[in-house]
Amino acid sequence: MYLCIERYPIFKHFKYINMKYHQKLISIFVILLVFLNTLSAQTTKINQIDSLMKRSYHAGLFNGNVLVSKNNKIIYNASFGFTDATKTKKLNPDYRFNIGSITKEFSAVAVMQMQEKGKLNLDDKVSKFIPELPQWANEVQIKDLLRYTSGIPNVNWKKIKNDKDLFDGLMQIDTLDFKPGTDYDYNNNNIFLRQFIVERLTGMPYKKYVEKFIFRACKMSTSIVTPFENEDHIARGFNNNLVQDKPDLPITGGTYLTTVDLLKWADCLHKNKIINAKAIYELGQQFNLQETQSALGQAKYTNEKLIQHLHDGRAGNYEAILVSEIDEQFTIILLGNNYNGKIFDLSDAISAVLKDQKSSNPTKN
């Protein structure tokens, strides 16, 4: 590469400088130019993301918080809209949202921690840990609970008011919907059963286990598991008719957190700080249909190494999505409390900006 130094005033006195230092200064200048070009490109992308989010908010497509991380640094962290149906208080990045099904990753990781400690194997039957369950527990393996291939019928929500009701519901199941491992049914009984097993193996409430061995371990200082009382900075779900969601049932497992804490979770998981790489690979295994989910939602691997992690969630009018392109070194997080069903379109548009690809603005249906 040739550099015409006469074009830059900074070099006008270089003819008087020792050649050794002359070359060093040229090198420094080239590095500075590359840095400034990179910074300019990133600023352009940040402005594009900001414009996209502002348009989407004003079009009524999103009410919530958004975070974008690139090369292990947060480059965009913003809030749009209001904390609840009254629309009297604006959101800020400190607000916590229910992340819906992304919560399921914590019980799955807790199970893998039990395996790493030698307390269980994924091929173990459920009955080994909760022997009082009916006969079907002799057929279901732990891995079936992670892949939603257990055949256990879904929760009968009409009869559920608390954790005891959930366990009683499992006790009342007579038969499975299908032979374990032969089909797929994404339902919450798989998740609650994971939690009950963790409690049996650790001798402590699942809520306390997650807070101590997952949240604290990953420095997720704002994250809380239901049920909880008198917590501040909680965004409340509401619909487009400004009707607020009903309060949560006193059931263990739902998680409320900030965008920053969800980023900490992704970082902790992807860098093998909480479970090892083999365990992460096992969690990403799914039933043999494209539309099925694993315990990590949609996970992709190259040579058993995680390269993409996508998981979405919904609870009432809360909506959430986590998109991590690990090879591209970026993560996109959207947490909303006014469901509009556009978080996939928004995350795709942001991803296109980060990849220098053509993107289209999300629109109302």
Study note, to complete from the structure: Nearest 10, in degrees from 0 to 90: the angle of helix 259-270 to the longest Cα principal axis of the chain is 80
Revision key, fill the gap. For region 346-363, Karplus-derived ³J(HN,Hα) couplings (6.51, -1.76, 1.60; θ = phi - 60°; whole Hz; x for glycine and proline) come out as 5, 5, 5, 5, 5, 4, 5, 4, 5, 9, 6, 9, 6, 10, 10, 6, x, 9
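Run lengths n ≥ 4 of DSSP H only: what is the helix-derived mean residue ellipticity at 222 nm for the chain, with -39500 (n - 2.57) per run over all residues, to the nearest 500? Kindly include the intermediate steps, with their values, before the conclusion.
Details: 9 runs with 118 residues, N = 365.
When only DSSP H runs of four or more count, the value is -10500 deg cm²/dmol.
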Review point. Which aspartates and glutamates does K159 reach when only Cα atoms under 19 Å apart count, and residues fewer than 8 places away in its own chain are ignored?
Key: D168, D174, D248
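Compute the length gained on full extension between D183 and N72: take 0.36 nm times their separation in residues and subtract their Cα-Cα distance, giving the result in nm to one decimal.
Working: separation 111, 0.36 × 111 = 39.96 nm, distance 3.87 nm.
Stretched fully, the D183-N72 segment lengthens by 36.1 nm.
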Check your understanding: Helix 19-58: angle to the longest alpha-carbon principal axis of the chain, degrees 0 to 90, nearest 10?
Key -> 50
Point to revise | Heavy atoms of E139 accessible to a 1.4 Å probe, total area in Å² rounded to 10 | key: 90
Exercise for review: Work out from phi, with θ = phi - 60° and the Karplus expression 6.51 cos²θ - 1.76 cosθ + 1.60, the ³J(HN,Hα) of each residue of region 304-316, listed in order in whole Hz, and give x for Gly and Pro.
Suggested key: 6, 9, 5, 10, 8, 9, 10, 8, 10, x, 8, 8, x
Point to revise | Mean Cβ count within 10 Å, highest first, over the residues of peptides 130-138, 182-190 | key: 182-190, 130-138
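Would you mind telling me the antiparallel percentage of the DSSP bridges in region 51-166, rounded to 5?
Values: 9 of 9 bridges.
The antiparallel proportion sits near 100 percent.
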**Study point:** Gain on full stretching of the segment that runs from A352 to T226 - 0.36 nm per residue minus C-alpha separation
**Key:** 41.8 nm
Review point. Under 5 Å between amide H atoms, partner at least 5 residues away or on a different chain: which partners does Y76 have, H built in plane at 1.01 Å?
Key: V68
Review point. Between I332, I191, I160, which gets the highest mean-square fluctuation from a Gaussian network model of the chain, Cα cutoff 10 Å?
Key: I160
Practice item. May I ask you to give the solvent-accessible area per residue for the chain, in square angstrom, as obtained with a 1.4 angstrom probe? Key: 52
Check your understanding: Ranked from highest to lowest mean number of other Cβ atoms within 10 Å per residue, what is the order of the peptides 264-270, 244-250?
Key -> 264-270, 244-250
Point to revise | Phi to ³J(HN,Hα) by Karplus 6.51 cos²θ - 1.76 cosθ + 1.60 over region 245-255, Hz, x for Gly, Pro | key: 4, 5, x, 4, 5, x, 10, 6, x, x, 10
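Work out how much length T292 to D123 would gain on full extension: take 0.36 nm times their residue separation and subtract the Cα-Cα distance, in nm to one decimal.
So the chain would gain 58.8 nm between T292 and D123.
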Revision key, fill the gap. The simple spin-label model distance between V243 and W157, using points 7 Å out along Cα→Cβ, in nm, is 1.4
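In whole percent, how big is the carbon plus sulfur part of the accessible area of the chain, probe 1.4 Å, protein atoms only?
On the way: 9410 of 18810 Å².
Within the chain, the accessible surface is 50 percent carbon and sulfur.
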Review point. Roughly speaking, what is the centre-to-centre gap between region 44-67 and region 188-250 when only Cα atoms are used, to the nearest Å?
Key: 28
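The values are calculated or read from the model by the stated rules, or taken from the named source; none is laboratory data. Because the structure is predicted, anything quoted here is derived from the model rather than measured. Glycine also receives a Cβ, built like all others from the backbone with ideal geometry; neighbour counts cover every protein chain displayed. Only protein heavy atoms, including side chains, enter the accessible area calculation; ligands, DNA and RNA are left aside. Shrake-Rupley method; radii C 1.70, N 1.55, O 1.52, S 1.80 Å.
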